[in-house]
Amino acid sequence: MHSFLTEDQWAQYDEDGYIKLGKLLSDNELGALQQRIDDIMLGTAEIDYSRILMQLDSTTGKYNDAGEQSKGWKGKTLAYRKIQDLELDSLFGEYTNRPIFKEICERMYGDTTPIGCFRAMFMNKPSKQGTYLPWHQDAWTALDRQPLITLWTALDPATKANGCVEVIPRSHKMGLINPNHASGFLTEELAAEYCPKDKVVYLELEPGEVALLHNWLLHSSDINHTDVSRRAFSVCYMDGNTVASNGETFTRLFEAVPA
Ligand SMILES: O=C(O)CCC(=O)C(=O)O
C-alpha cells in the first residue's frame with residue numbers, strides 16, 4: 001500500500017510533536033484557495049454565510065480585543081482573524097479530504113475509527129495587523145475525548161516577522177499543563193515556566209507547505225510586523241464519535257474501514 005509518510009518521519013513527529021510535510025499544494029491549487037478565502041472575506045463567495053463562523057481581527061493586537069466569534073459575514077474587509085466551518089466550502093472541503101490526511105488520521109486513530117472535523121479554520125494575520133495568540137495546547141474540557149492532530153497549511157509565507165506559529169518541541173509529551181482551562185490556555189506564570197524564549201522554534205513555512213502538529217504541542221503566534229499577510233488553513237481531525245457536553249456532534253470527514 002502506498003504510504004505518504006515514512007517511518008522516519010513518524011519517528012520525528014513522535015519525538016518533536018510536529019513535522020513539516022513539504023509543499024502539498026501546486027501553485028494553481030494554492031492560488032485557488034487564496035482567491036476563495038479572499039472572496040469569502042469580501043462577501044462575494046457562493047457560500048451560506050449564516051453557517052460560517054467569522055471573527056474580525058483586533059486593531060490593538062490584543063487577544064481579548066479581537067472581534068466577536070459568531071456565524072455570519074461581518075463586512076467587506078481582508079482583516080478577518082478567523083473563519084471557521086470551512087469544511088462546508090467545496091474547495092476547502094475537498095482539500096481537507098485528501099488521501100494523505102486520511103492516512104495520517106488512520107495512523108493516529110486507527111482505521112476502525114471514523115474521523116470527524118473539530119474545526120476547519122482560516123487563521124489570518126492581516127498585513128501590519130494580527131492578534132497575538134497566547135501559549136496554549138489544543139484541548140477542550142467540553143469534549144468527551146481529546147482530538148490528537150492538526151494539519152496547518154500555509155497560504156502565504158509564514159515567517160517569524162509576519163507571525164508564524166511558534167512551538168515548544170517535545171512539549172506534547174508533558175500532558176495537559178493547565179487541564180482546567182476550557183481551551184488549553186496557559187496562565188502567564190505557566191507560559192513563563194514552560195515556554196522560555198530559548199526553547200521556542202519558529203515554524204516558518206513556504207506558501208503551500210503543511211505542518212502536522214500534535215494537539216498537545218505548546219504553541220502561540222505573534223502579530224504581523226510586515227506588509228505580507230499571513231493566511232493559513234488549520235484543520236483539527238478528531239475521533240468522529242466525539243460528543244461535546246452540550247450534545248453537539250461533528251461533521252464526519254472519513255468513515256471507518258468496515259470490520
Ligand atoms: O495560526 C495560528 O497562528 C495558530 C493556529 C492554532 O492555534 C491552531 O491551528 O491550532
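Each value in this text was obtained by applying a stated rule to the coordinates, not by laboratory testing. Keep in mind that this is a model prediction, so the values were computed, not measured. When we count neighbours, we look across all protein chains shown, and the Cβ atoms used for this are built from the backbone with ideal geometry, even at glycine.
A few points about this structure:
- The Cα-based radius of gyration of the range 105-175, divided by its Kirkwood radius, gives an Rg/Rh of 0.99.
- The P(r) of the range 60-130 has a tail past 21 Å containing 42 percent of all C-alpha pairs.
- Taking amide H as placed 1.01 Å from N in the peptide plane, the amide H of Y80 sits under 5 Å from that of D57, each at least 5 places away or on another chain.
- Bins of 5 Å, starting at 0 and running to the largest distance - Cα pair percent for the range 144-213: 3, 13, 20, 23, 19, 14, 6, 0
- In summary, the range 112-259 shows an alpha-carbon radius of gyration equal to 1.09 times the 2.2 N^0.38 Å reference for compact globular proteins.
- The alpha-carbon atoms of the range 1-113, seen along their principal axes, cover 47, 32, 31 angstrom, with the largest extent given first.
- Value of relative contact order over the chain, rounded to a whole percent, pairs C-alpha under 8 Å and six or more apart: 28
- Across every pair of non-identical alpha carbons in the range 175-259, the mean reciprocal distance, once inverted, gives a Kirkwood radius of 16.7 Å.
- Kirkwood hydrodynamic radius (C-alpha pairs) into Stokes-Einstein, the chain, 25 °C and 0.890 mPa s, D in µm²/s: 131
- With θ taken as phi - 60° and the Karplus curve 6.51 cos²θ - 1.76 cosθ + 1.60 applied, the whole-hertz 3J(HN,Hα) list for the range 89-97 is 7, 4, 6, 5, x, 5, 4, 4, 8 Hz, x standing for glycine and proline.
- Evaluating 6.51 cos²θ - 1.76 cosθ + 1.60 at θ = phi - 60° for every residue in the range 42-47, the Karplus couplings come out as 7, x, 10, 7, 7, 8 Hz, glycine and proline recorded as x.
- Counted charge near E166, where neighbours are those whose Cβ lies closer than 11 Å (Asp, Glu -1; Lys, Arg +1): +1
- Over the chain, DSSP H runs of length four or greater, each weighted -39,500 (n - 2.57), average out per residue to a 222 nm ellipticity of -6000 deg cm²/dmol.
- Charge tally for P114 (other residues, Cβ to Cβ under 14 Å; Lys, Arg +1; Asp, Glu -1): -1.
- Flagged links, alpha-carbon separation over 27 Å, of K74/K199; K71/K197; K20/K82; K23/K76; K74/K102: K74/K199; K71/K197; K23/K76; K74/K102
- Label point distance in nm, L42-D27, each placed 7 Å from Cα along Cα→Cβ: 2.1
- Globularity ratio of the range 202-246, using Cα Rg and 2.2 N^0.38 Å: 1.55
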